[in-house]
Amino acid sequence: MDMYRRTFAEINLDNLAHNIRALQKLFPQAPFLCPMVKANAYGHGDVQLACFLETLGVQHLGVCLIEEGLLLRNFGVKAEILVFRGFDREGAEKILQYRMTPVVTTWEQIQYLEEVADDPVGIHLKFDTGMNRLGFRPEEAQKLYERLWQNKKIRVKALVTHLYNGEDAISENGDSAEQLRKLHHVSQVFKPFNIFCHALNSAGILSLLQIQQKGGGQHGTHPLLLQNWGLRPGLMIYGYNPLESKDLCDLKPVMSLKSVVNTFRHLKPGEKVSYGGTWKAQRDSVIAIVPIGYADGYHRILSNQAYALFNGARVPVVGSVCMDYLMLDVTDAVKGQDLAQLQDKQVILFGYDSHGNFLSPEELAGKAKSITWEMLTSVGERVPRVYVGSEADSLLENVGGE
Ligand SMILES: Cc1ncc(COP(=O)(O)O)c(C=O)c1O
């Protein structure tokens, strides 16, 4: 890959394989494991990751947009692709033409599918159990059952809901528990369909794991144990645990955001850095100019807030983050060293450096008043993704369009 600016997101496929295998091993009985590869696989590259996940035995993939599913199909992805966003009549045609599975959220969508389907189509039905965003009300379950039972065009395969406060899933009295109880209740209505239910995002899955690790016993009536829930992990397959208890599962971060030092600038006390002059040198300082900016997804709000890794040390981001550049105060990190030798040396914006130091996007998210999901998905289109790991080369040879 031509890279005239050495700023890139390194995607470690061995780490992704580690995270997926951990899930497969921990939940061998799950009726459904559907890694979410929407939003360009949380910024990691959806085509490459989908192809790789298939080699790991993953049979279901979750996208938001029909467009995302089409892209995967056009690159030869064979797995069942669930489209979570609603659709109109035209969308229904595309979903069926490309053998995707619609997650149906309205009565109109049922009608569109009936109108355009030649053969019976398998669907997942989404219920709004509290998020108040998408899906049928649980009170509509009986009416839906009557509409869909022995329907010639539509086969209900699963019921779906989405946890809006998954971080509380460990509590028996929390929002998630209530949502799970509601979906379980709906599932009783749909029993003759031989369906399964899926509701667990990363926080839900890790909470279930927490219960399993405690032996399940005292949690016998916990809604997470009401049935064998299907799994829809996003964040955790990319290496992050959104819960407070970080030791539940050994997850390995998949993406590292990297750049290099373009040049060094020597500043005298009182000299300022970047737009607005928001940072002023208090001493003789060495500033590293790094070619990555907010247009690459490095949030401007991190100006004078965040750290990066350079030369084995944590160094502060100083001055305003620009569209294409940011600046680091590397005065202490380069002390006594020949700067010519450090030119072109790697800077880690998040992820691992070559010394094994780690800077987490969770830390950046905290400073940016954001969340890890947003830090990952923000990494811009113009940042090349570089795939590494023992299986990366063969993967990239095999990724091809039709
Ligand atoms: C419908 C649905 N399921 C599952 C997920 C995965 O969530 P997480 O990344 O928290 O695991 C998402 C992500 O937003 C989602 O929208």
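The values are calculated or read from the model by the stated rules, or taken from the named source; none is laboratory data. Here the structure is a predicted model, which is why all the values come from computation and not from measurement. No Cβ is skipped: glycine too gets one built from the backbone with ideal geometry, and neighbour counts run over all protein chains shown. The protein model used for the area step is the full one, side chains on, heavy atoms only, and it has no ligands, DNA or RNA in it. Shrake-Rupley method; radii C 1.70, N 1.55, O 1.52, S 1.80 Å.
State the percentage of accessible surface on the stretch 13-239 attributable to carbon and sulfur atoms; use a 1.4 Å probe and exclude ligands, DNA and RNA. Intermediate values should be presented prior to the final figure.
Details: 4420 of 9280 Å².
Carbon and sulfur: 48 percent of the exposed surface of the stretch 13-239.
At 1.4 Å probe size, with no ligands or nucleic acids counted, give the accessible surface of Met323 in Å², nearest ten.
100 Å²
Can you give the local net charge around Leu180? Use residues other than it whose beta-carbon is closer than 12 angstrom to its beta-carbon, Lys and Arg +1, Asp and Glu -1.
Combined, the nearby Lys, Arg, Asp and Glu give -2.
Considering the convex hull of the alpha carbon atoms of the chain, report its projected area averaged over all viewing directions, in nm², one decimal. Walk me through the numbers before you get to the answer.
Numbers: hull surface 88.2 nm².
One quarter of the hull surface, i.e. the mean projection, equals 22.0 nm².
Of the peptides 202-209, 363-370, 286-293, how do they stack up when ordered by the mean number of other Cβ atoms within 10 Å, highest first? Don't skip to the answer; put the middle values down first.
On the way: 202-209: 24.9, 363-370: 17.2, 286-293: 22.8.
By packing density, highest mean first, the sequence is 202-209, 286-293, 363-370.
Take the Cα of Gln97, step 7 Å along the line toward its Cβ, and report every residue of the stretch 66-84 whose backbone nitrogen sits under 13 Å from that point.
Under cut-off, by backbone N: 67, 70-71, 74.
Could you work out the relative contact order of the chain, using alpha carbon pairs under 8 angstrom and six or more residues apart, expressed as a whole percent?
Values: 822 pairs, mean separation 75.7, N = 402.
Over the chain, the number comes to 19 percent.
Using alpha carbon centroids, what distance separates the stretch 341-402 and the stretch 312-339, in Å?
19 Å
Take the alpha carbon atoms of the stretch 114-249, find their radius of gyration, then divide it by 2.2 N^0.38 Å using N residues; give the quotient.
Numbers: Rg = 16.1 Å, N = 136, 2.2 N^0.38 = 14.2 Å.
Relative to the rule-of-thumb radius for its length, the stretch 114-249 sits at 1.13.
If I ignore ligands, DNA and RNA and count only protein heavy atoms, how much of Val116 is accessible to a 1.4 Å probe, in Å² to the nearest 10?
30 Å²
If you wrap a convex hull around the Cα atoms of the stretch 155-219, how much volume per residue is inside, in Å³?
Working: hull volume 5.9 nm³, N = 65.
Once divided by residue count, the hull of the stretch 155-219 is 91 Å³.
Could you tell me the largest-minus-smallest coordinate of the C-alpha atoms of the stretch 14-103 on each of the three principal axes, in descending order and whole angstroms?
Taking the Cα atoms of the stretch 14-103, the three principal extents are 40, 26, 19 Å.
Counting Lys and Arg as +1 and Asp and Glu as -1, what is the net charge of the other residues whose Cβ lies under 12 Å from the Cβ of His299? Mind dumping the intermediate values first?
Numbers: positive: Arg300, Lys367, Lys369; negative: Asp296, Glu374.
It works out to a net charge of +1.
Give the accessible surface of the chain per residue, rounded to a whole number of Å², with probe radius 1.4 Å and ligands, DNA and RNA excluded.
Numbers: 17970 Å² over 402 residues.
So the chain comes to 45 Å² accessible per residue, rounded to a whole number.
Whenever you get a sec, line up Met3, Met100 from highest to lowest accessible area (probe 1.4 Å, protein heavy atoms). Walk me through the intermediate numbers first.
Working: Met3 55, Met100 10 Å².
Per-residue accessible area, sorted high to low, gives Met3, Met100.
Extension gain Lys367-Glu139, at 0.36 nm per residue separation less the Cα-Cα distance, in nm?
Numbers: separation 228, 0.36 × 228 = 82.08 nm, distance 4.18 nm.
Working it through step by step, the gained length comes to 77.9 nm.
Answer rounded, prolate or oblate for the stretch 13-239, using the Cα gyration tensor with square roots of eigenvalues a ≥ b ≥ c: rounded when a/c is under 1.5, else prolate when a/b is larger than b/c, else oblate.
Values: a/c = 1.93, a/b = 1.10, b/c = 1.75.
Here the stretch 13-239 falls in the oblate category.
Give the span of the stretch 181-236's Cα atoms along each principal axis, as three whole-Å numbers ordered largest to smallest.
Result, largest extent first: 33, 28, 16 Å.
Taking the alpha-carbon set of the stretch 270-326, what are its Rg and Dmax in Å?
According to the Cα coordinates of the stretch 270-326, Rg and Dmax are 11.0, 31 Å.
Of all the accessible heavy-atom surface of the stretch 255-359, with the other protein chains kept in place and a 1.4 Å probe, what percent is carbon and sulfur?
On the way: 2210 of 4770 Å².
Its accessible area is 46 percent carbon and sulfur atoms.
In whole angstrom, and with the biggest value first, how far do the Cα coordinates of the stretch 255-359 range along each principal axis?
Its Cα atoms span 36, 32, 19 Å along the three principal axes.
Among the lysines, which have Cα under 27 Å from the Cα of Lys191 when same-chain residues fewer than 8 positions away are ignored?
Those lysines meeting the cut-off are Lys126, Lys143, Lys152, Lys153, Lys157, Lys182.
Need one value: the accessible area of Phe87 in square angstrom, 1.4 angstrom probe, rounded to the nearest 10.
For Phe87, solvent-accessible area is about 20 Å².
Given the C-alpha centroids of the stretch 1-54 and the stretch 168-222, what is the distance between them in whole angstrom?
Distance between centres, Cα-based: 25 Å.
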